[in-house]
1. List the lysines whose Cα sits under 21 Å from the Cα of Lys78, skipping any in the same chain fewer than 8 residues away.
2. Residue separation times 0.36 nm, minus the C-alpha to C-alpha distance between Arg252 and Leu514: what's the value?
3. What order, most packed first, do the peptides 225-233, 193-201 have when packing is the mean number of other Cβ atoms within 10 Å of each residue?
4. Nearest 500 deg cm²/dmol is fine: what mean residue ellipticity at 222 nm does the chain get from its DSSP H runs of n ≥ 4 alone, each adding -39,500 (n - 2.57), divided by its residue count?
5. Quick one: angle between helix 2-27 and the longest Cα principal axis of the chain, in degrees between 0 and 90, rounded to 10, please.
6. Going 7 Å from the Cα of Arg229 along its beta-carbon direction, which residues of region 244-288 have the amide nitrogen within less than 13 Å of the resulting point?
7. With a Förster radius of 30 Å, plug the Cβ-Cβ distance of Gln472 and Glu338 into 1/(1 + (r/R0)^6) and report the FRET value to the nearest 0.05.
8. Please give the helix 498-516 orientation as an angle from the longest Cα principal axis of the chain, in degrees from 0 to 90, rounded to the nearest 10.
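The values are calculated or read from the model by the stated rules, or taken from the named source; none is laboratory data. Everything numeric in this text was worked out from a predicted model, so none of it was measured. Here Cβ is always computed from backbone atoms with ideal geometry, including for glycine, and neighbour counts include all displayed protein chains. The area values use the complete protein model at the heavy-atom level, side chains included, leaving out ligands, DNA and RNA. Shrake-Rupley method; radii C 1.70, N 1.55, O 1.52, S 1.80 Å.
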Amino acid sequence: MAGIGGQLSASIIDFALITMLALALLSGRVGTTRAFAGFIIGIIITGRVSFNDAVTAITSPAIIAVTSLVIVAVALTKIPGIGQALFGRARLGMHASLIRFLGLTGLVSAFTPNTAVVGAFMGPASRHPSLPAHALLLPLSYMALAGGMLTPFGTSASLMVVGEAARHGLNLNVLDFALPGAMVALAVFAALVLAAPMILKRPEGASDADKAVYYVEARVNPGSRLIGRNVGENQLRHLQGFFLAEIVRQERIISPVSPSQSIEEGDRLIFVGDFAHVGELHAINGLSIDGSSQPNALGAMFHAVIAHNSILVGRTLKEADFRARFDASVLAVRRGEESLSGKLGEIRLKTGDSLILAAGPDFRSRENLRTNLHILDVEDPGQVPLNGRNSALLCGAFAIFIIVAILQLIPFALAAFLMAALCILSGWISPRETKRIFPFELVIILWGAVLLSQVIQQSGASAVLADFIAHQVGGLPHWAALAAIFMLAWFMTELFSNASAALITLPVALGTALQLSLPAEAFVLATAFGASASFLLPFGYQTHLMVLTPGEYRLSHFLRLGSVVLIAYAIAAIATLSILHF
């Protein structure tokens, strides 16, 4: 009885910890890193995973490989000429541009983390002389995700799956991913080239500027003629490009703003509108926008997007000391279709937020710029590109690394670690840069994902689910079992990170394969492909968040184009794996 009671108590603890993690992630109020950090602390304190086992998990080869590739990717982005390589010198049409752009994106993503690929390519895509960013950025995110499946090290989820599968005696190599990955990449490539121009086509007469709605804060200066008069009398309700949404008066937010509302000294007026018409606000005597008092501020403006691993994520502008850190003031903020409220400096920033910056003279020279912000207006601000000799050496070293990885001459984690070390020792990336860009948050998430998989497995939940799936598909064709595992991994990746989804699904996949007496390799691969099939929701994957705001996308764009891509991806993956393994 004591044993049964102990097992019941342990199961209750496991269920509580997993449920709290899921609720924290779904709520959006707690960052992914903090949620997994809390989960890690919880399972160690409760003894569900011993401290020694937890420490062992963080030093797994897969986590070492992922972090090493992040360092290598930053070095690769210093190679000059990305824009020309993506689109060439000649102005091509929509389909021809997509073919070249997406083809290169898929190839590069096979060997480089897709967040780094999207971060490096979104600037050149946004600056395309004839095609709008709206037509390029979402296909970029989708193709980077699909291209990562060409190799076992193209996505963090695949790396984690391969590493955990090895612990169960299953050794997957490049050839296991090559053919299904190629079919998936080709299917997504074709779907994007054919469907994206139609689905992402702007209505006649519409333009990017028509959609660029920003949140702008202006303050009422002492002695302003606006003071003591109401909104109607100050003609603040009859602006061409902006709408007065709120008035922030000390700690009070006045919204909606009526025409009879008086204006007081120190009020902060929150306008919503097209930033192309910001001159209309500057023309109002007695009203100033943060940063406009700086010399030549309006002559040095930049459009920036917050990077996925930025120190700004989860912080306000005040907490991050933005002005001192980057020598720039934030004039406006935009976050997709979301309505923002309150003072500009008190908004908690998120990955993909779009900022309009008034930059000071030292802005471009700040070393921390590229690790925190993607600047869309100009190429590589704050970074000195590698010279021709170092670019050639880096390309040669990376080519050797790829050959070593494909031929498996040494363990992949070791190869990635040596490549990262070479980048640092050769000066292609400085030690200070390495410290700044080291993905501490990603390490916490991957560490938590490994421990989450262990907790689910030891709780018996994975065995129960494997029994259920095997029972449901036992009399169906073998591909139905693969489809069930694929869909489970896909569903989990919409709730958790893709690495977490893969590691949660993996023990279920292995249990299902065992009960059905089918090749376990096929089910492991179905897990990897399903965990990287996050195409429907903008919040399901980091690269989608990165392109959401600069691309002017709505949820409907993700649902419409994402459903086409998901169907093509799923059919290609399941069909190819079925043909190869059954």
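1. Reachable lysines: Lys435.
2. So the extension gain works out to 88.1 nm.
3. For the peptides 225-233, 193-201, the packing ranking is 193-201, 225-233.
4. After summing the helix terms and dividing by the residues of the chain, the value is -18000 deg cm²/dmol.
5. Tilt of helix 2-27: around 30 degrees.
6. Output list for this probe position: 262-264, 284-287.
7. Efficiency for this residue pair is about 0.15.
8. That helix lies at roughly 20 degrees to the long axis.
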